[in-house]
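Novice: My structure is below; once you've seen it, I'll send some questions.
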Amino acid sequence: MAALTVARRELAGYFATPVAYVFIVIFLMLAGALTFTLGGFFGRGQADLGPFFTFVPWLFLFLVPALTMRLWAEERRLGTIELLLTLPLPQWQAVLGKFLAAWAFCAIALLLTFPLVLTVNYLGRPDNGVIAAGYVGCLLVAGAYLAVGAAMSAMTKNQVIAFVLAVAVCFLFAAAGSPIVTEFLSQRIPLLAEVARGLSITERFNSLTRGVIALRDVVFFATFMGFFLFVNAVVIDHRKAD
């Protein structure tokens, strides 16, 4: 309950400033533009959201760190982190509350892409189960990036540094399963290539966009988020007095 209280406060804080609206507008504009132009939505002759799902992880790669860069960096810069951490609640609940608020915000942004779903259903007869699985994948990718971004934000008072660190780390996990990386590693260190595929966020996401919600993929994302939230809590505990 304490974590949910923090989450509600944080979520309300997003919409108290123009940041939330700017984020949502930019996300919706870029998602629509990329889906219908570079994605070749109409030229493909298929009623599905494949083009949209192709671009979502890469949109989130930059937009999610922009959302998380202030989570802890701003608290530390303003000196309000001490007030937050002296409240009568466990530290991990403060970390979880901030994460849940950001994740809920991303869920709202994804829900606002519903016109795309209506469009494909108007133009044809898509497999809405596959579309639903793709949206679950989008939400899990957002959660993974948010966990990374929150941990990076906890490491510095500078929001720009937090943003750059989050983009860099997220990019490593997003690009780990790309053909260029895996082929390069396969020719030199085959075992490392398998590790890269196993840690790739986009590799897991692609399985979900095909309509396959496998337990191993859900466990991967849950473990990934849990690990970086743990890192977040540890960093906050060691640096809260800075």
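Novice: When the convex hull of the C-alpha atoms of region 94-242 is computed, what volume per residue in Å³ does it have?
Specialist: Value for region 94-242: 138 Å³ per residue.
Novice: For region 183-242, report the accessible area per residue in Å² (1.4 Å probe, heavy atoms, rounded to an integer).
Specialist: 61
Novice: Further question: With a 10 Å cut-off between alpha carbons and a GNM built on the chain, which of Leu49, Leu96, Leu215 moves the most?
Specialist: Of Leu49, Leu96, Leu215, the Gaussian network model singles out Leu215 as fluctuating most.
Novice: Also, quick follow-up: For region 162-222, compute Rg over Rh where Rg is the Cα radius of gyration and Rh is the Kirkwood radius from the inverse mean 1/r over Cα pairs.
Specialist: Radius of gyration relative to Kirkwood radius: 1.02.
Novice: If the elastic network links every pair of Cα atoms under 10 Å, which of Leu28, Leu71, Leu192 fluctuates the most in the Gaussian network model of the chain?
Specialist: Leu192
Novice: I would also like to ask the following. When the chain is treated as a GNM, springs tying every alpha-carbon pair under 10 Å, which of Val195, Val160, Val212 comes out with the largest mean-square fluctuation?
Specialist: Checking each option, the largest mean-square fluctuation is seen for Val195.
Novice: Suppose every K and R has +1 on its Cβ and every D and E has -1 on its Cβ; what is the size of the dipole of the chain about the Cα centre, in Debye to the nearest 20?
Specialist: 120
Novice: Roughly to the nearest percent, how much of the accessible area of the chain is carbon and sulfur, given a 1.4 Å probe?
Specialist: 72
Novice: Counting each DSSP H run of 4 or more residues in the chain as -39500 (n - 2.57), what helix-only mean residue ellipticity at 222 nm follows after dividing by all residues, to the nearest 500 deg cm²/dmol?
Specialist: The helix contribution divided over the chain gives -26000 deg cm²/dmol.
Novice: Stretch Tyr21-Ala175 to full length: gain in nm at 0.36 nm per residue minus the Cα-Cα span?
Specialist: Extra length available between Tyr21 and Ala175 comes to 52.5 nm.
The values are calculated or read from the model by the stated rules, or taken from the named source; none is laboratory data. Because the structure is a prediction, the values reported are computed rather than measured. Cβ sites come from the backbone with ideal geometry, for glycine too, and all protein chains shown count toward neighbours. Areas reflect the complete protein model, heavy atoms only, side chains present, ligands, DNA and RNA absent. Shrake-Rupley method; radii C 1.70, N 1.55, O 1.52, S 1.80 Å.
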